[in-house]
1. Rank these for me by crowding, 18, 6, 37, going from fewest to most other beta carbons within 10 Å.
2. For residue 29, what charge total do you get from the other residues with a beta carbon under 15 Å from its beta carbon, if Lys and Arg give +1 and Asp and Glu give -1?
3. How would 64, 9 line up from fewest to most surrounding beta-carbon atoms within 10 angstrom?
4. Just the number, please: percent antiparallel of the DSSP beta bridges in region 3-65, rounded to the nearest 5.
5. Taking R0 as 25 Å, what's the FRET efficiency between residue 22 and residue 56 from their Cβ-Cβ distance, rounded to 0.05?
6. Equivalent ellipsoid semi-axes for region 3-65, as square roots of 5 times the alpha carbon gyration tensor eigenvalues: give them largest first, rounded to whole Å.
7. Would you list 59, 40 from fewest to most Cβ contacts within 10 Å?
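Each reported figure results from applying straightforward, stated rules to the coordinates on display, with no laboratory input. As the structure is a prediction and not an experimental result, all values here were calculated from the model. Backbone-built Cβ (ideal geometry, glycine too); neighbour counts: all protein chains shown.
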Amino acid sequence: MGRRGIKEYRAAEALLLIAADRDHRPLVCPSCSTPSIDRSPKRNEEPAGRVTLTCRTCSRTASYLVRASMSSPEEPRHG
């Protein structure tokens with residue numbers, strides 16, 4: 001059990017799941033191997049900053065903050 005009695009993934013499992021989500025790959029629970037992951041907000045919705053991934057089978061969760069889009073950094077000005 002993690003904080004507040006919530007079942008959380010171990011760090012390595014959470015990182016695998018978050019990487020798959022960021023790459024828009026199918027989500028499979030790294031703990032129980034089922035493809036029953038709920039994502040909040042849904043992928044087609046604009047995230048409000050935090051994404052939560054929850055397995056419907058084992059109830060483990062992982063949360064992460066959405067990265068800011070890396071469009072193109074400004075070039076340093078020389079002069």
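1. Values: 18 17, 6 12, 37 21.
Starting with the residue having the fewest Cβ neighbours, the order is 6, 18, 37.
2. That works out to +2.
3. Details: 64 18, 9 21.
Taking fewest neighbouring Cβ atoms as first place, the list is 64, 9.
4. Working: 9 of 10 bridges.
About 90 percent, rounded to the nearest 5.
5. Details: r = 21 Å, r/R0 = 0.83.
Step by step, r from the Cβ atoms, then E = 0.75.
6. Over the Cα atoms of region 3-65, the semi-axes work out to 17, 14, 11 Å.
7. Sorted ascending by nearby Cβ count, the order is 59, 40.
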